[in-house]
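What follows is calculated from the coordinates using simple rules that are stated; it is not laboratory data. Being a predicted model, the structure only gives us computed values, none of them experimental. FYI the Cβ positions are ideal-geometry reconstructions off the backbone, even for glycines, and counts take in every protein chain you see.
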Amino acid sequence: MWSAARGALRPLAGLAAPSALLASHEVAKCEHHQVNAPSRSTLPGNFYARGLSHEIVPSAAGECNGAGFTTPATSLSLKKRSIDFDESRGRVLEAVKQNWEALKDAPPELHADREIVLEAVRQHSEAMRYAKNDLRADREVMIQAVRQHWEAIKYASEDLCHDREVVLQAVQSNGLALQYAGQALRRDRRIVMMAVQQRGESLEFADEQLRKDKEVVVEAVRQNNAALMFADDALRGDADVLEEAGWGAGWS
C-alpha cells in the first residue's frame, strides 16, 4: 500500500515497500510528480492506496489529477466536494438562523434548499425574493411565508396566486394582499369580504361585481371611509353607505 504526502509516495507502516510490491508489474510515469505509478493493466483488482488527504488508485487512462493517479468515479475529490458542500450548507444554515439576510450571499444551489429558505422566511418574507422558482411554487413554503408577512405572496408562482388557501392566509394578515390574487379569487366573495374587513381600501382590487355589492362596500367603508372612492358609482350616493363612511352630508 502507498500513501501520498506532498506529491511523493511512501509506504504505509507495516506493508511492503512499493518497489517490492511492484517488482513484477509495469509502471506508468507521472510527468508532474516524477514518480512511478502502477498502470491499471498490471495491478491486482483490489490494489489501492489511501492517504490522509488523497486516495490514489490507478485510472483507466493513467491520468494524473495533480496529486496522484485517480479513478474519476471514486476519486477523493468527489468525496471531498460532497463533504465541503455539507459543511458549507451547515455554515449557511447556522448563519441564516442568526440573520435571514445571509441567504443573499449563499451559494446559488442553497437558494433551492427548503430547510434553509424556510428558516429565512420565518424571519422575514423578503427572503422569498432569493428563493428558487421551485420553492416559490411550493405551497407549504409559501403559506409559511405569507403567515410571516403578507407581501411574500408577491413572490408566489402564478399557480399559487390562484390557490385559495395561500390567498386566504395572506389577506387575513393584510387585505392588500388581494392585489396579488388571481382574478377568480378577486371574485370570491368570502375572500374579498375578509380583505375589506382587514383593509377597507383593498376594495380597489376586488372584482367589479363585488364593488357593486352593497354589503361588501359597507364593510369596506366601515373599516376605512376612503374605500368609498373604489365603490361602484351607484353606491357612492347610497345613504347607508355614506352613513357608515361618516359622510352623512354626502360624498364629494
Q. About its Cα centre, what dipole magnitude does segment 85-184 give when the only charges are +1 on Lys and Arg Cβ and -1 on Asp and Glu Cβ, stated in debye to the nearest 20?
A. 280 debye
Q. About the Cα centre of segment 104-252, what is the dipole size in debye to 20, counting +1 per Lys and Arg Cβ and -1 per Asp and Glu Cβ, all else neutral?
A. 80 debye
Q) In Å, what Rg and Dmax follow from the Cα atoms of segment 108-252? A) 17.5, 61
Q. Can you give the convex hull volume per residue for the Cα atoms of segment 192-252, as a whole number of Å³?
A. 58 Å³
(Q) Please list 3J(HN,Hα) in residue order for segment 143-159, calculated via the Karplus relation 6.51 cos²θ - 1.76 cosθ + 1.60 where θ = phi - 60°; whole Hz, with x for glycine and proline. (A) 5, 4, 5, 6, 5, 6, 7, 4, 5, 4, 5, 5, 9, 6, 5, 4, 4
Q. What are the semi-axes of the equivalent ellipsoid of segment 137-195, taken as the square roots of 5 times the eigenvalues of the Cα gyration tensor, listed largest first and rounded to whole Å?
A. 16, 12, 8
